[in-house]
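So the structure is just underneath, and the comments pick up after that.
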Amino acid sequence: MSEEVASNQSPRKRLGADERREEIIRVTLELAAKQGVDDVTTQDMAQAMGVTQGAVFRHFPSKNAIWLAVMQWVRDRLMSVLTRAAAQGHDPLDALQRMFFAHIDFIAGHPAIPRVLMSEHLHGRSTALRQLVIEIMLGYEAKIAGLLADAQAQGLARADLDAHAAATLYIGMIQGLVLQTSILRGQRTLAAEAARTFPVFLQAVRPPSTQGTPR
């Protein structure tokens, strides 16, 4: 069955089910970046794609299902990006640095993602979505803590470092930079602030004997 086309739109190329679901997810993120997560409606999604709301609901049973699919998309893409970045590291700290800047680049390309992750509106409406966000955060934290523990084992990180606390700080740096650059839009860039901030984190986790050692 062909999808309905909104009356004020020209006919669109027919897409397969997976392609249309991907388009809905992409459009939802774009709309969230422009107008905020809470204000995105299925009518907005349909209008942006040039189809009717009925066409949107043929691919997702509810608005909550769309947001859950969005978050699953974010999880899969982000984890893939981070895994590739870490694999290129020469040692655990280099892997952490590559992950950090890969994450920053990912957010720069998808600015709505932090809003979706932190939206109390969405979390309150969907237990499944909230649980997925928790799993993403805890999994990410565990990966960072694991790399820090590996760095300790190799003498690259201080022996008294609390790896889990440092992992929380690592994630907090990213969240803080996103918030800061969002507020100071036009005055500071995410990439520039990340480049200034991460060396401070590295200096804090390295053993005192290696402070100031060039990488």
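Taking the Cβ of residue 44 as the centre, find all other residues whose Cβ is under 13 Å away and add up their charges (Lys, Arg: +1; Asp, Glu: -1). All intermediate terms of the calculation are to be shown ahead of the outcome.
Numbers: positive: 34, 63; negative: 30, 38, 39.
Combined, the nearby Lys, Arg, Asp and Glu give -1.
From zero up to wherever the largest Cα-Cα distance of the range 63-209 sits, split into 10 Å bins and tell me the percent of pairs in each.
Final binned percentages: 11, 39, 34, 14, 2, 0.
How many angstrom lie between the C-alpha centres of the range 35-99 and the range 149-215?
26
Which value, in debye to the nearest 20, gives the size of the charge dipole of the chain about its Cα centre, when Lys and Arg are +1 and Asp and Glu are -1 at the Cβ? Provide the component values of the computation, followed by the final result.
Details: 23 positive and 21 negative charges, 63 e Å.
It comes to approximately 300 debye.
As I understand it, the dipole of the chain uses +1 on the Cβ of Lys and Arg and -1 on the Cβ of Asp and Glu, about the Cα centre. Which of 173, 32, 157 lies farthest toward its positive end?
32
When all C-alpha to C-alpha distances in the range 17-59 are sorted into bins of 5 Å, what percent of pairs does each bin hold, rounded to whole numbers?
5, 26, 36, 22, 10, 1
Using helices alone, I'd like the mean residue ellipticity at 222 nm for the chain: each DSSP H run of four-plus residues gives -39500 (n - 2.57), total over residue count, nearest 500.
Numbers: 10 runs with 151 residues, N = 215.
Value at 222 nm, helices only, nearest 500: -23000 deg cm²/dmol.
What accessible area per residue, rounded to a whole number of Å², is obtained for the chain using a probe radius of 1.4 Å?
Working: 11350 Å² over 215 residues.
For the chain, the solvent-accessible area averages 53 Å² per residue.
Work out how much length residue 191 to residue 105 would gain on full extension: take 0.36 nm times their residue separation and subtract the Cα-Cα distance, in nm to one decimal.
On the way: separation 86, 0.36 × 86 = 30.96 nm, distance 0.75 nm.
Going from the current span to full extension adds 30.2 nm.
Per the 1.4 Å probe, what fraction of the accessible area of the chain, in percent, lies on carbon and sulfur atoms?
Numbers: 6100 of 11350 Å².
Answer for the chain is 54 percent, counting heavy atoms of protein chains only.
The values are calculated or read from the model by the stated rules, or taken from the named source; none is laboratory data. Small disclaimer: the values here were computed from a predicted structure and weren't measured. Neighbour counts are summed over all protein chains in view; Cβ atoms, including those assigned to glycine, are modelled from backbone coordinates with ideal geometry. The accessibility values were calculated without ligands, DNA or RNA, using every heavy atom of the protein model including side chains. Shrake-Rupley method; radii C 1.70, N 1.55, O 1.52, S 1.80 Å.
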